[in-house]
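This report concerns only the one structure given below.
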Amino acid sequence: MNNQPIGLFDSGIGGTSIWKEIIKLLPNEQTIYLADSKNAPYGKKSKDEIIALCVKNTELLISKGCKLIVVACNTATTNAIAYLRENYDIPFIGIEPAIKPAALYSETGAVGILATKGTLTSALFEKTANEYRQKITVIEQDGEGLVSLIEKGKINSLELENLLTKYLKPMLNFNVDHLVLGCTHYPYLIPQIKKIIGNKIQIIDSGEAVAKQTKAILIKNHLFCNEKHINPHQFYINIDKSVLEKMLVDVSVSFTIEELAF
């Protein structure tokens, strides 16, 4: 089992921000990544639709021999991970907006959450947020339209910049000192975000924490790979792969990308 790959899936290419942290911390591991871009964004879909998509992705990764699955999507985690854990005999790593560190270290008592509607309206997010609402002000903002633009490769477009400005400017009025990125696509927007909010507001994403949790669960379940894998990392995407290729131009490890109908 130790030499089997780690599986990851996301509603597209955003989860590669998590994948990059995992391969940095776990260089011996091989990975298989599913970019379900055809069905992006998940954030606008119903819970039942999200669960069905997560089941499809999970079964494909299991069929390819994955020993552990990282649900590299906040919306998928908050809506479907409980179902996946109940129905599949394999460890799952989920991703939630990192409200806890923002709340603990906030000095102004106000933190911003930029996430998809699917995440913000989920029971799991509501439960987590409610734990801190008595101590801090939580400013929630649905980032509608951002994922679609990222999936189209329009990260540096004026359209995306205008949307970000619209979503983030009101948070400055509440004097937030932490901004939590509640979608794995959003770390790719950090340069644009900093242009709007400056450098005094701490930006928090979950990538490093997810990588550490993945390592811990691998060790706990005796799945940790001690010898460096010899196979390239594998990416599968169900639309044209050109945007995904651009997201991986800074990667030094070997990988393959295949367009696959799933």
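First measure r as the distance between the Cβ atoms of E159 and N130, then evaluate 1/(1 + (r/R0)^6) with R0 = 35 Å and state the FRET efficiency to the nearest 0.05. Step by step, r from the Cβ atoms, then E = 0.55.
Only helical runs count toward this figure. For the chain, summing -39,500 (n - 2.57) over DSSP H runs of n ≥ 4 and dividing by all residues gives -12500 deg cm²/dmol at 222 nm. Label sites at V251 and K47, each approximated as a point 7 angstrom past Cα along Cα to Cβ, lie 3.3 nm apart.
Taking GluC sites (Glu not before Pro) across the range 50-126, the ones in a DSSP loop with at most 14 further Cβ atoms lying within 10 angstrom of their Cβ are E107. Highest-first packing order for the peptide set 47-56, 93-102, 205-214, 130-139 is 93-102, 205-214, 47-56, 130-139, based on the mean count of other beta carbon atoms within 10 Å. Using the Cβ-Cβ distance between D89 and K195 with R0 = 30 Å, the FRET efficiency computed as 1/(1 + (r/R0)^6) comes to roughly 0.05.
Throughout, read-outs are computed from the coordinates displayed, never taken from laboratory work. Every value quoted in this text rests on a predicted model; they were computed, and no experiment measured them. Cβ atoms come from the backbone with ideal geometry, glycine included; neighbour counts cover every protein chain shown.
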